[in-house]
Each structure stands twice: as structure tokens, then as C-alpha cells.
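Read the structure below first, then the notes.
The values are calculated or read from the model by the stated rules, or taken from the named source; none is laboratory data. Everything numeric here is computed off the predicted structure, so don't read it as measured data. Don't worry about glycine lacking a Cβ; one is built from the backbone with ideal geometry, like all the others, and counts go over all protein chains shown. Side chains are part of the model used for accessible areas, which takes the heavy atoms of the whole protein and leaves out ligands, DNA and RNA. Shrake-Rupley method; radii C 1.70, N 1.55, O 1.52, S 1.80 Å.
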Amino acid sequence: MGKSAWKATVLTLFPEAFPGPLGLSLAGKGLEKDIWRLETVDVRDFASGRHRSVDDTPLGGGAGMVMRPDVVDRAISATADRPGPLVYLSPRGRALTAQKARKLAAEPGLRLLCGRYEGVDQRVLDKHGVAELSIGDYVLSGGELAALVVLDAVVRLLPGVMGNAESPEEESFERGLLEYPQYTRPALWEGREVPEVLLSGHHAAIRDWRRAEAEETTRRRRPDLWARYRERQAEAPE
């Protein structure tokens with residue numbers, strides 16, 4: 001038997017947001033080929049009462065609303081048999097990195113909890129030991145857009161999704177550096193020429209040029225990444 005498809009399960013109040021852009025391009029083709037599968041679970045289906053309320057005012061005061069623990073708990077429990085870790089999209093979470101995306105791609109699947117309003121009652125997160133993941137230091141209206149970002153970053157790494165198996169290795173962050181500049185034809189465009197080395201056919205020279213450009217771009221644009229890269233270089237055995 002072949003390896004089963006990687007499974008994404010998204011718990012959300014807006015299931016119609018999916019697959020969204022994930023139904024296009026490489027991720028969409030991966031869906032069609034059954035390399036990965038997507039299930040959306042409407043959290044509102046687990047609300048009770050005539051109004052199917054999923055939220056309430058924050059205790060202690062404050063603006064906005066908070067998703068109720070009992071409703072979210074039922075949604076999580078109903079999907080406990082889905083594969084992969086349970087992750088809550090939150091600006092409080094650990095940052096999504098290329099390395100984290102690779103770890104998630106190595107799992108059999110991933111369950112994503114999308115918050116809304118002011119977030120989810122902390123007690124249900126604690127009960128289920130939910131990991132929190134952030135896509136950046138800013139606030140969105142809900143977790144759906146963040147879930148799309150996480151899934152795109154992960155799905156493209158699944159075997160068979162990308163056409164060129166070597167492509168991910170050359171991308172930004174994979175070696176701790178930003179990616180080098182890219183060029184294509186025509187070689188001369190509006191008086192601007194591509195770097196001559198790229199036309200040389202000399203693979204070693206091209207590789208050296210790309211590494212130098214990646215290092216310089218990282219040094220100028222992301223001093224934080226550059227400092228970590230230099231530390232790793234200094235610690236690496238000769």
C-alpha cells in the first residue's frame with residue numbers, strides 16, 4: 001500500500017474561506033492528485049441553543065468577544081482522531097519558520113484551530129495542550145488567513161507537490177539566508193543586463209555568485225538573520 005495522503009483539518013467559523021488560494025497552482029494540483037487532503041470543520045455546528053452562540057463577553061471587561069470553551073472543546077473532541085498536532089493560530093505563538101514548516105510537513109497531517117474576535121478561552125487551549133503558532137507580529141481579523149499561509153508553506157514541501165525537488169533547498173531561509181536575485185530572458189531589457197556570470201554556463205562560478213549575493217542581501221536587509229548565520233558559521237567544524 002502506498003503512503004496515505006497528508007491530511008489538513010481546519011476548525012473554523014468560516015469554512016467557505018477554504019481552500020481559497022490553496023485550490024490553485026501547486027497546492028491545488030496536489031489536492032487533485034490526492035497528495036494532500038483538506039477537511040473544514042464548522043465550529044458553529046457544535047454550538048447549542050436556539051441562537052447557536054459561539055462567543056461571549058470577556059470576563060474582567062474589555063472590548064470584543066471571546067470564543068466559548070464549551071463550543072471549541074466539542075469541536076476539538078469531535079476531530080481528535082484526525083492526524084497531526086493541534087495548532088492554534090495566534091500572534092502569541094512561536095513564529096512560523098522554514099524549519100517549522102518542514103517539521104509539520106513530516107507529520108501525517110495537521111489540525112488548525114482558527115480563532116475569531118478576541119480569541120479563544122484559555123482554558124480549552126490548556127485542556128487540550130494546544131500549541132500556538134504565529135505568522136508575524138501583527139493582528140488579523142481571524143485565524144483563517146493565517147491558516148492559509150501555514151498550509152501553503154507546508155503543503156508545497158510535501159513530496160510530489162513541487163515539480164523540482166531541489167527548489168526548496170535554494171529558497172529564502174532554508175540555509176539561514178535570504179534568496180539571491182533571480183533573472184530570466186531577455187538577457188538585455190530596457191538597457192539593463194543580467195549578471196554576466198549567469199550566462200557563462202560555469203556552474204561553480206554561478207553557485208559562488210549566488211551564495212555571495214544571498215549573503216550580501218541578508219547582511220543588508222536582515223541583520224538579525226545575518227548575525228545568526230555568522231554564529232552558525234563560526235560554530236561549524238572546519
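General remarks:
- Close Cβ contacts (under 8 Å, 6 or more residues apart or on different chains) running from residues in region 227-238 that are modelled with pLDDT of 90 or more to residues that are part of a helix (DSSP H, G or I) comprise TYR229/GLU215; TYR229/THR218.
- The residues in region 169-193 that are among the aliphatic types (A, V, I, L, M), out of contact with any strand residue (DSSP E or B) (no Cβ under 8 Å at 6 or more places or on another chain) and either assigned to a helix (DSSP H, G or I) or free of Cβ contacts under 8 Å to residues at least 40 places away in the same chain (or both) can be counted, and the count is 1.
- Pair list, Cβ under 6 Å, 6 or more apart: region 101-116 residue touching a residue at least 12 places away in the same chain (Cβ under 8 Å), other residue in a strand (DSSP E or B) and of a type in the set (Ser, Thr, Tyr): ARG111/THR9; LEU113/TYR88; CYS114/THR12
- Reported count of residues in region 101-122, each being out of contact with any Gly (no Cβ under 6 Å at 6 or more places or on another chain) and buried (at least 16 other Cβ atoms within 10 Å of the Cβ), is 8.
- Selection of region 98-117 for residues being of a type outside the set (A, V, I, L, M) and at pLDDT below 95 yields GLN99, ARG116, TYR117.
- Residues of region 222-238 classified as closer than 13 Å to PHE173 by Cα and either open to solvent by 100 Å² or more (accessible area, probe 1.4 Å) or not in a helix (DSSP H, G or I) (or both), total: 2
- Flag for LEU125 being outside any helix (DSSP H, G or I) and either of a type in the set (S, T, N, Q) or open to solvent by less than 50 Å² (accessible area, probe 1.4 Å) (or both): no
- Selected residue (only one of VAL197, VAL154 is β-branched (Val, Ile, Thr), at pLDDT 95 or above, over 26 Å from the mean Cα position of the chain (by Cα) and part of a helix (DSSP H, G or I)): VAL197
- Single unsatisfied condition, ALA147 versus (1) modelled with pLDDT under 95; (2) crowded, with 17+ Cβ neighbours inside 10 Å; (3) of a type outside the set (Ser, Thr, Tyr): (1)
Yes/no per residue for (1) in contact (Cβ under 8 Å) with a residue 24 or more places away in the chain; (2) more than 18 Å from VAL154 (Cβ to Cβ); (3) not in a strand (DSSP E or B):
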| site | (1), (2), (3) |
| --- | --- |
| LEU26 | yes, no, yes |
| ASP34 | yes, no, yes |
| ARG37 | yes, no, no |
| VAL41 | yes, yes, no |
| ASP45 | yes, yes, yes |
| ARG52 | no, yes, yes |
| GLY60 | no, yes, yes |
| VAL71 | yes, yes, yes |
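- Filtering SER141, SER77, SER90 for residues that are of a type in the set (Gly, Ala, Ser), buried (at least 17 other Cβ atoms within 10 Å of the Cβ) and either in contact with a Lys or Arg (Cβ under 7 Å, 6 or more places away or on another chain) or farther than 18 Å from LEU38 by Cβ (or both) leaves a single hit, SER90.
- When the residues of region 56-74 are filtered to those that are crowded, with 16+ Cβ neighbours inside 10 Å and of a type in the set (A, V, I, L, M), the one that is nearest to ARG111 (Cα to Cα) is VAL72.
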